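Structure first, commentary second.
The values are calculated or read from the model by the stated rules, or taken from the named source; none is laboratory data. Because the structure is a prediction, the values reported are computed rather than measured. Note: ideal-geometry Cβ built from the backbone for every residue, glycine included; neighbour counts use all protein chains shown. These area figures cover heavy atoms from the full protein model, side chains too; ligands, DNA and RNA do not enter into them. Shrake-Rupley method; radii C 1.70, N 1.55, O 1.52, S 1.80 Å.
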Amino acid sequence: MAEIFKFSINNIDDHVRKIGIDVRPVIEFKLDREKLYDMGKNLTDKYPHLFESLVQSPTDFHIEKKFIFPGKGEANCSTLVIAQRGPVFIFPIRLSVLGEETDLQSSDIQDVVIEGLKIFRKTFPTKHLLRVGLINEYIFDTGMADSTKIVAGRFTKVSVPPNGEIMLRVNRPDDDFNRRIEIEAVKKVERMPEMPGQQNIKSYGVKVIVDFNNRNMSQDLEKNAIRTILSEAEQYNKEELFTFLNGE
């Protein structure tokens, strides 16, 4: 099966898009507590369709949003997480747990991030934005074809035994950008109540994480530079990524 499986947008079972920013000086949760709250309040006021419930503690800050799909269910997702190194905007695109897609578009996502960073700069005027990365987390459904054999056969000469595991990580940089790709064989399983401790494999998949970010961190990134990085990253995910995954 390894040689005939083809990665495409049509077999994406789960997809989350993240945009992370490295800032200096780093964020200190105790000292920046009030500023973080102000930023979160501004975001929830401006974009209630994305940012809803603010969660804050001495060591954590994030915002959640409940996505509701009539007749299918609902999912509570984090849409902003603040780490010491900077903010991470999170956009669920396709939720495998419900088999549904959100209505978030790439152009809208860029606008939200640019405006969100404008609010961040206003809240933290002494901090510099040095790196912007677009992280796409995909799970490609391979059906009942064992994804361990697909990954091993496509990208290595390693023989993986039954019930084995495989995960690969590679950076394919060019002059301007890091292009890190992680590939892992995964399974979708369900518990079997009649057989405690046993699980039934519903399907196999390949988890692919693509982190596309700027290499040069010597200057504070302005709006146009951020848009350029994100546009280059979007283009890479649409074209070159699939060329690489399919060994073309």
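Restricting to region 1-31, name every residue that is touching a Leu at 6+ places or on another chain (Cβ under 7 Å) and either hydrophobic (A, V, I, L, M, F, W, C) or open to solvent by 60 Å² or more (accessible area, probe 1.4 Å) (or both).
Selection gives PHE7, ILE19, ILE21, VAL23, ARG24.
Given the options LEU221, LEU230, LEU241, name the one that is assigned to a loop (DSSP other than H, G, I, E, B) and buried (at least 18 other Cβ atoms within 10 Å of the Cβ). Talk me through it step by step, then tell me what you get.
On the way: LEU230 fails: assigned to a loop (DSSP other than H, G, I, E, B); LEU241 fails: assigned to a loop (DSSP other than H, G, I, E, B).
Exactly one of LEU221, LEU230, LEU241 is assigned to a loop (DSSP other than H, G, I, E, B) and buried (at least 18 other Cβ atoms within 10 Å of the Cβ), namely LEU221.
Please indicate, with yes or no, whether at least one residue in region 105-128 is of a type outside the set (Gly, Ala, Ser), surrounded by fewer than 14 Cβ atoms within 10 Å (Cβ to Cβ) and within 16 Å of the chain's Cα centre (by Cα).
Among the residues of region 105-128, at least one is of a type outside the set (Gly, Ala, Ser), surrounded by fewer than 14 Cβ atoms within 10 Å (Cβ to Cβ) and within 16 Å of the chain's Cα centre (by Cα), which makes the answer yes.
Give the residues of region 37-61 that are among the charged types (D, E, K, R) and part of a helix (DSSP H, G or I), sorted by residue number.
ASP38, LYS41, ASP45, LYS46
Just to check your reading of the model, which residue among GLU64, GLU74, GLU34 is open to solvent by 30 Å² or more (accessible area, probe 1.4 Å), assigned to a strand (DSSP E or B) and closer than 29 Å to GLU222 by Cα?
Among GLU64, GLU74, GLU34, only GLU64 is open to solvent by 30 Å² or more (accessible area, probe 1.4 Å), assigned to a strand (DSSP E or B) and closer than 29 Å to GLU222 by Cα.
How about region 141-178: which of its residues are touching a helix residue (DSSP H, G or I) at 6+ places or on another chain (Cβ under 9 Å), charged (D, E, K, R) and either open to solvent by less than 30 Å² (accessible area, probe 1.4 Å) or not in a strand (DSSP E or B) (or both)?
ARG154, GLU165, ARG172, ASP176, listed by residue number.
Scan LYS207, LYS188 and give me the residue that is modelled with pLDDT under 95, part of a strand (DSSP E or B) and either over 30 Å from GLU115 (Cα atoms) or touching a strand residue (DSSP E or B) at 6+ places or on another chain (Cβ under 8 Å) (or both).
Within the list LYS207, LYS188, the selection yields LYS188.
Cβ-Cβ under 9 Å, sequence separation 6+ or interchain: first residue in region 48-76 and closer than 24 Å to ASP32 by Cβ and touching a residue at least 60 places away in the same chain (Cβ under 8 Å), partner assigned to a strand (DSSP E or B) and open to solvent by 50 Å² or more (accessible area, probe 1.4 Å). Which pairs?
Every condition considered, no pair remains.
The conditions are (1) open to solvent by less than 90 Å² (accessible area, probe 1.4 Å); (2) in a loop (DSSP other than H, G, I, E, B); (3) more than 19 Å from SER8 (Cβ to Cβ), and GLY247 fails exactly one of them. Which is it?
(3)
Please count how many residues of region 195-217 are in contact (Cβ under 8 Å) with a residue 60 or more places away in the chain and open to solvent by 90 Å² or more (accessible area, probe 1.4 Å).
0
Pairs only if they're at least six apart or on different chains, beta carbon under 7 angstrom, first in region 85-109 and assigned to a strand (DSSP E or B), second of a type in the set (Phe, Trp, Tyr); list them, first residue then second.
If the second residue must be of a type in the set (Phe, Trp, Tyr), the pairs left are PRO87/PHE120; PRO92/PHE67; GLU100/PHE69.
Report, ordered by the first and then the second residue, all pairs with beta carbons closer than 9 Å, sequence separation of six or more or different chains, a first member in region 233-248 that is of a type in the set (D, E, K, R) and at pLDDT below 95, and a second member that is in a helix (DSSP H, G or I) and open to solvent by less than 60 Å² (accessible area, probe 1.4 Å).
Here the result reads GLU248/PHE242, each pair linking region 233-248 to a residue that is in a helix (DSSP H, G or I) and open to solvent by less than 60 Å² (accessible area, probe 1.4 Å).
Could you check region 200-248 and list, in sequence order, the residues that are touching a helix residue (DSSP H, G or I) at 6+ places or on another chain (Cβ under 7 Å) and acidic (Asp, Glu)?
Listed by number, the list holds a single entry, GLU234.
Say whether the condition of being more than 30 Å from ALA145 (Cβ to Cβ), of a type outside the set (S, T, N, Q) and surrounded by 20 or more Cβ atoms within 10 Å (Cβ to Cβ) is met by at least one residue in region 51-58.
Within region 51-58, the subset more than 30 Å from ALA145 (Cβ to Cβ) is 51-58.
If we keep only those that are of a type outside the set (S, T, N, Q) as well, we get 51-52, 54-55, 58.
Now restrict to residues that are surrounded by 20 or more Cβ atoms within 10 Å (Cβ to Cβ): 51.
Yes, region 51-58 contains a residue that is more than 30 Å from ALA145 (Cβ to Cβ), of a type outside the set (S, T, N, Q) and surrounded by 20 or more Cβ atoms within 10 Å (Cβ to Cβ).
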